[in-house]
Every structure is written in structure tokens, then in C-alpha cells.
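> Quick one: structure below, then a few questions.
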Amino acid sequence: MQNTSPADLDLSIVIPVYNERDNLVPLEKKLEEELSKLHMSYEIILVDDGSMDGSPHIINSIKKNNSRLKLIRFGSNHGQSAAFAAGFKAARGKIFVTLDADLQNNPADIPLLLEKMEEFDVVCGWRFKRNDPWIKRVSSKIGNAVRNSLSQEEIADTGCSLKAFRRECFDDVKLFKGMHRFFPTLMKMEGFRVTQVKVSHHPRLHGESKYNIRNRLFSSLHDLMAIRWMKKRQINYDIIQED
Ligand code: UDP
Ligand code: MG
């Protein structure tokens, strides 16, 4: 992925937004509260993925009082991976931090990830105590187990959006729809050091989850097969002479 933006900030917070109207004001407030403690330069990139509930309108009004906030707005819904891709392309941070717009991830956990970035290139949040309906918790457990087994991975919770990446992680990967669930695997394939850290998880207070078993299971299985294929067919060689 070509990122032509200058890397002149410490952090880019990249957040996909799809119909999150009532979460946006508390989200910005909480983020500013936590990020201002870090003594790092940062930007917050909200990528509106074709919301129809007036989310962009609210972001535009928050933006008037926050010059660190940037809005990228899609004309229609393109999915979470597309939103991340557009955000990363515009990001100016040396480190990218991703999270959900619904405050299920806690911005107060960002320092936990950054601490680990001293030794690793990718840090994945692990929602150790999920605050979701039981059906989602169970399906996610099964999903993670199947994913780990078929892709020979050990990522406890790849669905957790709270993650940190060194900017370079995205230089050589091409992003496809649904790939946001496999970022850790893609990064490992590129030779980056990946770890996970336990983070808190909160119930969704406003709006609805965009995913259910039906729309997640089948597309994820399809994507999983693609990842499995990519891992198996990855080009590997050892040069013993080159004159
Ligand atoms: N999202 C998005 N485009 C979509 C679906 C979701 O930008 O097509 C955003 C959504 O607004 C949220 C994040 O991606 O910020 C994760 O979605 P959600 O919270 O519904 O997923 P869950 O936490 O229930 O798995
Ligand atoms: Mg959520």
C-alpha cells in the first residue's frame, strides 16, 4: 500500500465509522483525555464508511474545535477494511493505532499497546473479558479457534480492533475486503514481530453492531481460505551465492 503522507507525527489514531452518531462526541472526548496525557504528537482520523445517520455532520461539527481531527468520508458503505485502508493511506503517524468508534475499546488502554511497541512491530488487543451478548462471545470463540487452527496462528482475539502497528507494516501488503481480521497474520508473513496484550472491553452503549453470525461467518470463512492459501504459497528462498 502506497502511503505518500509524511511521517511527521508520533501517532495516527484510525477509526472506521458506520452509523455511530451517538458515540462520536463521547469518543472524541475520551480520546483527547487519554491522548493528551501521552506527550506525543498525534492525529485522529475518522473514516466515515457511508453512514446514513448523520455521523459525518457530527464529525464536521466536532472538527471545528479540534484541528487534530481529520475526516475521510466515503460516498457509500465499503466495509471496515476499506475504511482502514483509506485511513492508513492518509496517516502521518510513525505508529498507527486502530479502534472501534463505539467505545467498546477503551482509549485508556492505548498506553498498554504503546509500551509493547518498544519491542514489537504489531500489538493486538485481546478482549479478555468480552462485554458482548453471549451469542457473539460464543461465535467469536469458535471463530478464533477455527481461524487459528486453519491458519496455524496463535492470535487469541483477532476481531479486536484495538491494535497498534508500526507504519512500515503496511508498506508491502495489499489490502482486500475482510482482511482487517487477518492483519496480524499478514504482518507475520512480512516478518514483523507480533504480540498481544489484554485490554478491557465495554458494552456498546449506542447504536447497533454491524455484524451478526450470518454476515460474518460466511465471508470470514471465505477470507480464511484465502489467507491459508497465501500462507502456504508464500515465496520463500535462501540465496547461497549472488555474484
Ligand atoms: N464499521 C465500518 N464499516 C462497516 C461495518 C463497521 O466502518 O461496514 C465500523 C463500525 O462503525 C465500528 C467498527 O467498524 O466502529 C466495528 O464495527 P462493530 O462495532 O459493529 O463490530 P463489533 O464490535 O460488533 O464486532
Ligand atoms: Mg463494536
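The values are calculated or read from the model by the stated rules, or taken from the named source; none is laboratory data. Please read these numbers as outputs of a predicted model, since none were measured by experiment. Backbone-built Cβ (ideal geometry, glycine too); neighbour counts: all protein chains shown.
> Quick one: F128 ticks every box in (1) more than 12 Å from the chain's Cα centre (by Cα); (2) away from ligand 2 (no atom under 14 Å from the Cβ); (3) modelled with pLDDT of 95 or more bar one, so which box is it?
So the condition that F128 fails would be (3).
> Now, a different point. Could you tell me which of the residues D53, D10 is surrounded by fewer than 19 Cβ atoms within 10 Å (Cβ to Cβ), more than 18 Å from A164 (Cβ to Cβ) and of a type in the set (D, E)? Talk me through it step by step, then tell me what you get.
On the way: D10 fails: more than 18 Å from A164 (Cβ to Cβ).
None of the other options fit; the residue is D53.
> Let me ask something else about it. Within segment 129-153, which residues are surrounded by fewer than 14 Cβ atoms within 10 Å (Cβ to Cβ), in contact (Cβ under 8 Å) with a residue 24 or more places away in the chain and more than 15 Å from ligand 1 (Cβ to nearest atom)?
Selection gives Q152 alone.
> Another question, then. Could you tell me which of the residues S12, S55 is of a type in the set (G, A, S), more than 16 Å from ligand 2 (Cβ to nearest atom) and within 26 Å of F183 (Cβ to Cβ)?
The conditions single out S12.
> Let me ask something else. If S67 meets every condition in (1) more than 19 Å from the chain's Cα centre (by Cα); (2) within 16 Å of ligand 2 (Cβ to nearest atom) apart from one, which number is that one?
(2)
> Could you check segment 75-125 and list, in sequence order, the residues that are among the acidic types (D, E) and either in contact with a strand residue (DSSP E or B) (Cβ under 7 Å, 6 or more places away or on another chain) or within 16 Å of ligand 2 (Cβ to nearest atom) (or both)? Before the answer, list the steps.
Of the residues in segment 75-125, the ones among the acidic types (D, E) are 100, 102, 109, 115, 118-119, 121.
If the condition is that a residue be among the acidic types (D, E) and either in contact with a strand residue (DSSP E or B) (Cβ under 7 Å, 6 or more places away or on another chain) or within 16 Å of ligand 2 (Cβ to nearest atom) (or both), then D100, D102, D109, D121 are the ones that fit.
> Here is a list: V194, V138, V199. Which entry is more than 16 Å from ligand 2 (Cβ to nearest atom) and under 25 Å from A91 (Cα atoms)? Don't jump to the end; show me each part of the working.
On the way: V138 fails: under 25 Å from A91 (Cα atoms); V199 fails: more than 16 Å from ligand 2 (Cβ to nearest atom).
Just one listed residue meets the conditions, V194.
> I'd like the residue in segment 131-163 that is under 17 Å from I227 (Cβ atoms) and of a type in the set (S, T, Y) and, out of all such residues, is farthest from the chain's Cα centre (by Cα).
S149
> Moving to a separate point now. What's the total number of residues in segment 209-234 that are touching a residue at least 24 places away in the same chain (Cβ under 8 Å), within 11 Å of ligand 1 (Cβ to nearest atom) and exposed (fewer than 15 other Cβ atoms within 10 Å of the Cβ)?
Total meeting the criteria: 1.
> I've got another one for you. Tell me the residue from N105, N66, N60, N19 that is closer than 23 Å to L186 by Cβ and of a type outside the set (D, E, K, R), please. Break it down into steps so the answer makes sense when it comes.
Details: N66 fails: closer than 23 Å to L186 by Cβ; N60 fails: closer than 23 Å to L186 by Cβ; N19 fails: closer than 23 Å to L186 by Cβ.
Matching residue, one of N105, N66, N60, N19: N105.
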